[in-house]
1. Binning at 10 Å from 0, report for the range 53-183 what percent of all alpha-carbon pair distances ends up in each bin.
2. About its Cα centre, what dipole magnitude does the range 1-159 give when the only charges are +1 on Lys and Arg Cβ and -1 on Asp and Glu Cβ, stated in debye to the nearest 20?
3. Return the percentage of antiparallel bridges among DSSP beta bridges fully within the range 31-118, rounded to the nearest 5 %.
4. Please list 3J(HN,Hα) in residue order for the range 148-165, calculated via the Karplus relation 6.51 cos²θ - 1.76 cosθ + 1.60 where θ = phi - 60°; whole Hz, with x for glycine and proline.
5. Taking only the alpha-carbon atoms of the range 6-49, what semi-axes of the equivalent ellipsoid follow from 5 times the gyration tensor eigenvalues under a square root, in whole Å, largest first?
6. Jot down the per residue volume, in cubic angstrom and as a whole number, of the convex hull over the alpha-carbon atoms of the range 8-95.
7. Normalised by the number of residues in the chain, what is the relative contact order in percent for Cα pairs under 8 Å and 6+ residues apart?
8. Hey, which lysines would be in cross-link range of residue 84, C-alpha to C-alpha under 18 Å, not counting anything within fewer than 8 residues on its own chain?
Amino acid sequence: SQSGSGSGLGVYHAKTTVEQCFGGKFEIHSKEGHGTSIIITLPIAPTPKWFIEKLILKPHSQVISVDDDMSIHAVWKGRFQSAKIQEHHVEHLTFTAGEEFKVFFKTSHSVHISNASRLYLVDFELLNQGQSGLEIIEELGIQDKSILVTSRYEEKQIREKCESLGLKLIPKGMAGFVPIVIG
C-alpha cells in the first residue's frame, strides 16, 4: 500500500495458495513509475465427470425448468431469450412445485412434443415438498434427458447418486454462465 502500513501477508498467502495448493505460478512484476503487474497462472484441470459444459437444445423442443426459486426461472428465461430459442421453436416451461411438474409430465405424453424432444433442468432441493428433484427424476425415469441444477453439487452422496444414474449436474451459480447451443 502507499502508506506502507501493510505487512504483506495477503500477498504471501495468495502466492502460497496458488503455488502449493493449486500447482500454479504467482509472479509480481513492478516497474517504478509504470506500476505493478501480478500474473497468476493455473494448470488446466480436467472437467469433472458430473459437470455439464454446455446446454444443447434441439430445434422444435421444450426445455422445462423445475425449481422452487423464481429467481432461477428468471435466469433461465433471460438466458433463453438471449439465445433466441423462440426462433428455433424451442419452448421454455417452468414449474415451482415437483407435484405440479409430475402431473404435467404424466399427462403430456399424448401431446405433440415427445419426451425425446425435452430437456429437464431440475433443482435438487425443493423446499417443503415431498421429494427432492433427484427423487423425481429417478421416479419418472428421465435421467437421460435431465440435468440437476443445484447449489449442493459438492455433496458426495448427491454426486454419487447422479453418477450411478448417468445424470449430469450444473452448479446453480453457473446457471447464468453455462453456454447454450441450439442444434
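Read-outs throughout are calculated quantities, based only on the coordinates presented, and are distinct from any laboratory measurement. For clarity, every value in this text was computed on a predicted model and none was experimentally measured. Note: ideal-geometry Cβ built from the backbone for every residue, glycine included; neighbour counts use all protein chains shown.
1. The calculated distribution, bin by bin, is 12, 47, 36, 5.
2. That gives the range 1-159 a dipole magnitude of about 520 debye.
3. Antiparallel: roughly 10 percent of the beta bridges in the range 31-118.
4. 3J(HN,Hα) across the range 148-165, in whole Hz: 7, 10, 8, 7, 9, 5, 7, 6, 4, 5, 5, 4, 5, 5, 4, 4, 5, 8.
5. Its equivalent ellipsoid spans semi-axes of 26, 14, 6 Å.
6. With only Cα atoms used, the range 8-95 gives 210 Å³ per residue.
7. Working: 255 pairs, mean separation 42.4, N = 183.
So the answer I get is 23 percent.
8. Partners found: 54, 58.
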